[in-house]
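Asks: Okay, handing you the structure first.
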Amino acid sequence: MIVFRESIPLTSPSMPDFDEYIEEIKSLWECRYLTNSGEKHNRLQKELAKYLGVNNIELFTNGHTSLEVAMQAMGLDGEVITTPYTFVSTTEAILRSGLKPVFCDINADDFTINVSEIERHITEKTVAIVAVHVYGNVCDVDAIQKIAEQYHLKVVYDAAHCFGVKYFGEGIGRFGDASCFSFHATKVFNTVEGGAVCFNDEALAQRASIIKNFGICGLNLIGEVGTNAKMNELAAAMGICNLRHIDDEILKRKRVFEFYKNAFQGVDGMRIPVLQEGVTGNYAYYPVIFDQKAFGANRDNVFIKLAEHCIGSRRYFYPATNNIECFSEKFEHGNTPVSDYISNNVLALPIYADLSLDDAEKISNIVLSCRK
Ligand SMILES: *Cc1c(COP(=O)(O)O)cnc(C)c1O
């Protein structure tokens, strides 16, 4: 007998109704202006600045290039203090910018940079702190700002997980010199592929806008080595549509988040996400840290059990980037036991706006059945 089992993916992108998107892109067939700061791009830029509560925002082809261009716009050269507990993009952007990552460990509870360890990594070559707001948790932005001012360092936040997050009422993109967002299909807000950088300094935003268009800064005039990282009109139109529904989509994620919380709270050996004080969350991810001894199974056992039921889950982030072999010769591993532990024991469970609570219940039952 063939058994058809419904599969549940780890993630599924938020999308507007088909007709809504078609309506939005209709005008493109008349104006035939498809990229290079078109009408859709400019509208999305304005609407995002308002939604995120920021003054300067530049749109990009994706989050990764937005990190690279932000660092280039600042003219960084030397060492940057960063964390290995992130998506590989953060570390790759540092390396591709010709900078040397120096790895600082993370906090065990929110997985962001451990600010009490930053200063010991500062040398005369240090030029910046590149910190990650992991899973929508906010870094200790006040402590980081203080250190940055004391040692004259730039601060770049990888805010790819943090769309719509507020910290004591302030948009997360307002902190540091630059905050880089990803609008990849799997993120809370998407433009299919896309990204943005919020800059506090308008001059940096201006320079980034030149870099993302081949360094062209006037008629027949190239100012520096640029790249091509402009957001096109079809992507921007997707963003305009998705932004109309973003608050609802975040609320729908919240339902799933709270369902899991009720199902898992108090279970021995499962550490579940907790919202930080003062943070308005976006419910982007649902990472669980499994303690094999207390739970009776490790995260790989849970991963396999879910896979047997055609349910996606992901060791996110694993490996930590300072354990990735192909570029391990470009930097020192550093002393990062917390990051090593978390990446060896974390499993992200499915969460997205359209995940039904029936499916969430099925998933939580399977997870709990792994206990010995
Ligand atoms: C998604 C992501 C990126 C890269 O963004 P893209 O839009 O996929 O290029 C960078 N950093 C983190 C933490 C991410 O999750």
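Asks: Looking only at segment 174-202, count every residue that is within 11 Å of the ligand (Cβ to nearest atom), outside any strand (DSSP E or B) and more than 15 Å from Tyr135 (Cα to Cα) and tell me the total.
Replies: 6
Asks: Could you list, in sequence order, the residues of segment 122-140 that are more than 16 Å from the ligand (Cβ to nearest atom) and closer than 23 Å to Ile272 by Cα?
Replies: Asp140
Asks: Is it the case that some residue within segment 302-317 is surrounded by 13 or more Cβ atoms within 10 Å (Cβ to Cβ), hydrophobic (A, V, I, L, M, F, W, C) and in a strand (DSSP E or B)?
Replies: The answer is yes, given that some residue of segment 302-317 is surrounded by 13 or more Cβ atoms within 10 Å (Cβ to Cβ), hydrophobic (A, V, I, L, M, F, W, C) and in a strand (DSSP E or B).
Asks: Here's another thing I want to ask about it. Hey, can you tell me all the residues within segment 28-44 that are surrounded by 15 or more Cβ atoms within 10 Å (Cβ to Cβ) and assigned to a loop (DSSP other than H, G, I, E, B)?
Replies: Listed by number, the residues that qualify are Thr35, Ser37, Gly38.
Asks: Quickly run through segment 58-102 and pick out the residues that are acidic (Asp, Glu), open to solvent by 30 Å² or more (accessible area, probe 1.4 Å) and within 22 Å of Asp201 (Cα to Cα). I'd like the intermediate steps shown before the answer.
Replies: From segment 58-102, those acidic (Asp, Glu) are 58, 68, 77, 79, 92; that's our starting set.
Retained after the next criterion (residues that are open to solvent by 30 Å² or more (accessible area, probe 1.4 Å)): 68, 77, 92.
Once the filter is applied, which keeps residues that are acidic (Asp, Glu), open to solvent by 30 Å² or more (accessible area, probe 1.4 Å) and within 22 Å of Asp201 (Cα to Cα), segment 58-102 yields Glu68, Asp77.
Asks: To continue, here is another question. When you go through (1) in contact (Cβ under 8 Å) with a residue 60 or more places away in the chain; (2) under 23 Å from Gly226 (Cα atoms) one by one for Gly98, which number turns out not to apply?
Replies: (1)
Asks: Of the conditions (1) open to solvent by less than 10 Å² (accessible area, probe 1.4 Å); (2) free of Cβ contacts under 8 Å to residues at least 24 places away in the same chain, Leu219 clears all except one; give me its number.
Replies: Every listed condition holds for Leu219 apart from (1).
Asks: Pro16 is checked against (1) open to solvent by 10 Å² or more (accessible area, probe 1.4 Å); (2) within 15 Å of the ligand (Cβ to nearest atom); (3) in contact with a His (Cβ under 7 Å, 6 or more places away or on another chain) and fails just one. What number does that condition carry?
Replies: Single failed check for Pro16: (2).
Asks: Return the residues of segment 255-268 that are open to solvent by 50 Å² or more (accessible area, probe 1.4 Å) and either over 30 Å from Asn365 (Cα atoms) or not acidic (Asp, Glu) (or both); say none if nothing qualifies.
Replies: Arg255, Phe259, Lys261, Asn262, Gln265, Gly266
Asks: Shifting gears a bit: Which residues, counting only those in segment 273-295, are under 13 Å from Ile351 (Cβ atoms) and out of contact with any Lys or Arg (no Cβ under 6 Å at 6 or more places or on another chain)?
Replies: Step one: filter segment 273-295 for residues under 13 Å from Ile351 (Cβ atoms), giving 273, 281-288.
Selection gives Pro273, Gly281, Asn282, Ala284, Tyr285, Tyr286, Pro287, Val288.
Asks: Pick from segment 138-176 the residues that are under 20 Å from the mean Cα position of the chain (by Cα) and among the hydroxyl-bearing types (Ser, Thr, Tyr): which of them is most open to solvent (accessible area, probe 1.4 Å)?
Replies: Among those residues, the one meeting the criterion is Tyr167.
Asks: Any idea how many residues of segment 156-173 are more than 16 Å from the ligand (Cβ to nearest atom) and touching a strand residue (DSSP E or B) at 6+ places or on another chain (Cβ under 7 Å)?
Replies: First pass over segment 156-173, keeping only residues more than 16 Å from the ligand (Cβ to nearest atom): 166-171.
Subsequent filtering for residues that are touching a strand residue (DSSP E or B) at 6+ places or on another chain (Cβ under 7 Å) retains 166-167.
The number of residues fulfilling the criteria is 2.
Residues checked against (1) modelled with pLDDT under 95; (2) in contact with a strand residue (DSSP E or B) (Cβ under 6 Å, 6 or more places away or on another chain); (3) at positive phi:
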site	(1), (2), (3)
Ala235	no, no, no
Asp268	no, no, no
Thr280	no, yes, no
Tyr286	no, yes, no
Ala294	no, no, no
Ala297	no, no, no
Arg314	no, yes, no
Ser328	yes, no, no
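Asks: Would you mind stating whether Tyr135 is in contact with a Pro (Cβ under 7 Å, 6 or more places away or on another chain), in contact (Cβ under 8 Å) with a residue 60 or more places away in the chain and open to solvent by less than 30 Å² (accessible area, probe 1.4 Å)? It would help to see each step written out before you state the result.
Replies: On the way: in contact with a Pro (Cβ under 7 Å, 6 or more places away or on another chain): yes; in contact (Cβ under 8 Å) with a residue 60 or more places away in the chain: yes; open to solvent by less than 30 Å² (accessible area, probe 1.4 Å): yes.
In short, yes.
Asks: Another one. Report, by residue number, each residue of segment 225-254 that is open to solvent by 50 Å² or more (accessible area, probe 1.4 Å) and either farther than 27 Å from Val188 by Cα or outside any helix (DSSP H, G or I) (or both). Before you say what the answer is, go through the steps one by one.
Replies: We begin by selecting, within segment 225-254, every residue open to solvent by 50 Å² or more (accessible area, probe 1.4 Å); these are 225, 227-228, 232, 234, 244-245, 247-248, 251-252, 254.
Correct list: Val225, Thr227, Asn228, Asn232, His245.
Asks: Restricting to segment 104-132, what's the tally of residues that are over 25 Å from Asp291 (Cα atoms) and touching a residue at least 40 places away in the same chain (Cβ under 8 Å)?
Replies: Of the residues in that region, 10 qualify.
The values are calculated or read from the model by the stated rules, or taken from the named source; none is laboratory data. Because the structure is a prediction, the values reported are computed rather than measured. When we count neighbours, we look across all protein chains shown, and the Cβ atoms used for this are built from the backbone with ideal geometry, even at glycine. Note: accessible area is taken over every heavy atom of the protein model, side chains too, but ligands, DNA and RNA are not part of it. Shrake-Rupley method; radii C 1.70, N 1.55, O 1.52, S 1.80 Å.
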